[in-house]
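Below: the structure, in structure tokens.
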Amino acid sequence: MRKLVYYVAVSLDGYIAGPGGEVDFYPLSDSMAAWINERYPETVPTHIRHQAGLQDAPNRAFDTIIMGRGTYEPALAVGITSPYAHLRQLVVSTTLGTIPDPAVELVSNDPVEAVRKLKAEDGLDIWLAGGGQLAGALLPEIDELIVKSYPVVGGAGLPAFAGPFRPTAFTRTDLTSFDNGASVSWFSRTPNANA
């Protein structure tokens, strides 16, 4: 069965973005970017894959992306209606109304049911790209976390998980560090963990 994987960048205090959606406070590293491009090329948006030399790169881990409205809207704001055209794209929103691109599916009802249907299909894993409200709603369905942790404190912003208090145990399975002080940690849901 396919897994739902929350692949996300966070500050030391657990924010995925600033209060206005800012992500430019994460320290950049050429070696980390090269590593991401090699390991997870499908996480690079379609419109910049050519610049990164990834236009023909195969999807390695994911063939589907699910994201909330707040993750999708920055692309829309600059006229990009299909930001990950090399993946099956789903946007979860009860307020968006319509999607201007037939390649992007709107999920306007229960995201948990949508993810369960995706998991039952054949294919690579499903990338949960954000945001925090959607991650909170889908926490019972998240099988793995891939957390890019950056050595910076945001102080305020959008949390990695939003929602009710719901302790859920995960076990770290791997860790890689980079020259910018950032690290990537992999976590699997702990067996019999409460959700």
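Computed from the coordinates by the stated procedures, all read-outs in this text should not be read as laboratory data. The structure displayed is predicted, hence computed values, not measured ones. We place every Cβ from the backbone using ideal geometry, glycine too, and count neighbours over all the protein chains shown.
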Packing-ranked peptide list from 51-62, 3-14, highest mean Cβ count within 10 angstrom first, is 3-14, 51-62
By the C-alpha gyration tensor axes a ≥ b ≥ c (rounded if a/c is under 1.5, else prolate when a/b exceeds b/c, else oblate), the shape of the chain is rounded
Output ordering of 133-146, 90-103 (per-residue mean of other Cβ within 10 Å, highest first) is 133-146, 90-103
Residues meeting the amide H criterion for Thr64 (H placed from the backbone, H to H distance under 5 Å, 5 or more places apart or on another chain) are Arg88, Trp127
Note, Val23: beta-carbon cut-off 15 Å, +1 each Lys/Arg, -1 each Asp/Glu, net -3
